[in-house]
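Where a number appears in this text, it was derived from the coordinates with a stated rule and is not lab data. The structure displayed is predicted, hence computed values, not measured ones. As a convention, Cβ positions derive from the backbone with ideal geometry for all residues, glycine included, and neighbour counts pool all protein chains shown.
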Amino acid sequence: MTSQERHITLTQQLYAAFASRDIPGVLALLAEDVVWGEPDNPFNPAGGTRYGHTGFMEWVEIGKNAEEILLLEPAKMLTDADTVGVVGHMKCRALRTGKIYESDFVHLVTFRDGKVKSFQEFFDTYIAGEAFRE
């Protein structure tokens, strides 16, 4: 198996663990010093960059108290030597307002020594922010 094939498989495992809410399974795929980020947004409490397993768990706690992921659907995965780009669609509900937002996304998942060293999310931050705004 090539490194690109291995990274695609690990990325699929990461999404499967998220889908089943298997946080220990996600943590097992992350490097201890993982960098986990999504764009800053003054209205989206999960926005920003977090570091290490502790930062990832902080992001998880903020997320589960702030929004419900209704759909997270990867559609295509592209890879190079150490990164998998995932293109897909998501649908979420902001819990405080009850508003639903949808956006296409791109996730960049970068690997080091068989572990996720960084995860960066890109999506329509405007519509997400509007869903959180009262």
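Okay, here's what the table says:
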read-out	value
Residue match in segment 11-18 (condition: among the polar types (S, T, N, Q), in a strand (DSSP E or B), out of contact with any Cys (no Cβ under 6 Å at 6 or more places or on another chain) and surrounded by 14 or more Cβ atoms within 10 Å (Cβ to Cβ))	no
Test: residue in segment 64-77 that is surrounded by 18 or more Cβ atoms within 10 Å (Cβ to Cβ) and in a helix (DSSP H, G or I)	no
Options GLU102, GLU5, GLU58; residue that is surrounded by 15 or more Cβ atoms within 10 Å (Cβ to Cβ), part of a helix (DSSP H, G or I) and acidic (Asp, Glu)	GLU58
Qualifying positions in segment 78-99 - in a strand (DSSP E or B) and either crowded, with 18+ Cβ neighbours inside 10 Å or touching a residue at least 60 places away in the same chain (Cβ under 8 Å) (or both)	THR79, THR83, VAL84, VAL86, GLY88, MET90, CYS92, ALA94
Odd one out for VAL60, checked against (1) more than 26 Å from GLU32 (Cα to Cα); (2) out of contact with any Pro (no Cβ under 8 Å at 6 or more places or on another chain); (3) not charged (D, E, K, R)	(1)
